[in-house]
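The values are calculated or read from the model by the stated rules, or taken from the named source; none is laboratory data. Given the structure is predicted, the values throughout are model-derived calculations rather than measurements. Note that each Cβ is placed from the backbone with ideal geometry, even for glycine, and that neighbours are counted across all protein chains shown.
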Amino acid sequence: VGWFSTRATGIYFAMLTLAFAQFLYTVAYKWRDLTGGSDGIAGVPKTRLFWGGPSLASSHAFYFLVAACVVLSLIVCRAVVRSPFGRALQAIRENERRFTSLGRDPRPFKLVVFVIAAVFAGLAGALFAPFRGFASPEVMFWVFSGQGLMMVIMGGIGTLVGPVLGAMLFILIQEVLSSYTEHWMIFTGVVFVLIVIFLPGGLVGTARRLGTRG
C-alpha cells in the first residue's frame, strides 16, 4: 500500500490511501470466515503482557499498559523527528521540489514514514480490540479515519503533543455529549469548525503563539 501511495502527492495521496482503506474495509466485511463480517469477532480477551507476566484483565492494569505505550510512542516519535531522517522529512514537507532539486529522492523517505505510521496504527488496533472486547470491520470505515484527522487538527498539525491533546478533547466531547444526545457528532463538528477558524494552529499552535506574545 505504501509503495503505491507514496507515488502520489497532496490530495491524490489522501484519496489513494482512502481508496485502499475502503477496499480493505470491504474485504474485511465480506470475508466472514476470517473476520466474522458484520458480526465481528466477540470475546477478544485481555491476555497477559507476556508468558508468566502480569495479568491485564483489570481496567487499571490495561490503562497503565496503554499509558506506557503512549509515552514510549511519543519518545520514539521525538527521536525520529530530531534525527537526520526527521530533518529530511521536514525539508520534504516544507518544499519537496527543492529537496528533489538537491538530488535526493523523497519517495524512500515517505515510504519509511508511511511504514512507521502503519506500525503505530497497528499498535493502536492491537490495544483497541481487547479494550472493547470486540473486533469489527467497522473500525476500518472512513469515518474512523476522519475522526483521527479531526483529533490531529484540533490538537495541532506538525506537533507531537497536539494529536494527544486533540484526542483527549475529542473523547471528552464524545463522552459528555453522548450521554445527553445521540447527535453528539454535530456538536463535535461545530467545535472542530470553530477551532479551524479561530485557532488555525490547533491547541498547541495557539498556546505557542500566546506564549510568544507573553
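Restricting to the stretch 123-151, and then to whatever is in a helix (DSSP H, G or I), of a type outside the set (A, V, I, L, M, F, W, C) and touching a residue at least 24 places away in the same chain (Cβ under 8 Å), can you tell me which residue is surrounded by the most Cβ atoms within 10 Å (Cβ to Cβ)?
Going through the qualifying residues, I end up with P137.
Using beta carbons and a limit of 9 Å, which pairs, at least six apart or on different chains, have the first residue in the stretch 88-117 and without any contact (Cβ under 8 Å) to a residue 24 or more places away in the chain and more than 16 Å from R7 (Cβ to Cβ) and the second one charged (D, E, K, R) and part of a helix (DSSP H, G or I)?
Close Cβ pairs satisfying both conditions: A91/R98.
Quick grid of which residues meet (1) loosely packed, with under 14 Cβ neighbours inside 10 Å; (2) at pLDDT 90 or above:
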residue	(1), (2)
V119	yes, yes
T159	no, no
P163	no, yes
A167	no, yes
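Tell me whether the stretch 71-83 contains one or more residues that are loosely packed, with under 13 Cβ neighbours inside 10 Å, under 21 Å from T9 (Cβ atoms) and over 17 Å from the mean Cα position of the chain (by Cα).
No, the stretch 71-83 contains no residue that is loosely packed, with under 13 Cβ neighbours inside 10 Å, under 21 Å from T9 (Cβ atoms) and over 17 Å from the mean Cα position of the chain (by Cα).
Among (1) exposed (fewer than 11 other Cβ atoms within 10 Å of the Cβ); (2) in contact (Cβ under 8 Å) with a residue 24 or more places away in the chain; (3) assigned to a helix (DSSP H, G or I), there is one condition V66 misses while meeting the rest; what is its number?
Result: V66 passes all but (1).
From the list T212, T159, exactly one residue is under 28 Å from C77 (Cα atoms), of a type in the set (S, T, N, Q) and touching a residue at least 24 places away in the same chain (Cβ under 8 Å). Which is it? Don't jump to the end; show me each part of the working.
Values: T212 fails: touching a residue at least 24 places away in the same chain (Cβ under 8 Å).
Of the residues listed, the single one that is under 28 Å from C77 (Cα atoms), of a type in the set (S, T, N, Q) and touching a residue at least 24 places away in the same chain (Cβ under 8 Å) is T159.
Being over 21 Å from G146 (Cα atoms), surrounded by fewer than 15 Cβ atoms within 10 Å (Cβ to Cβ) and hydroxyl-bearing (S, T, Y) narrows it down to one residue among T47, T35; which is it?
Of the residues listed, the single one that is over 21 Å from G146 (Cα atoms), surrounded by fewer than 15 Cβ atoms within 10 Å (Cβ to Cβ) and hydroxyl-bearing (S, T, Y) is T47.
Just to be sure, is S5 under 27 Å from V113 (Cα atoms), modelled with pLDDT of 85 or more and among the polar types (S, T, N, Q)?
So S5 does not fit the description; no.
In the set F114, F99, which member is closer than 23 Å to L165 by Cα and either at pLDDT 85 or above or surrounded by 15 or more Cβ atoms within 10 Å (Cβ to Cβ) (or both)?
Details: F99 fails: closer than 23 Å to L165 by Cα.
Checking each option against the conditions leaves just F114.
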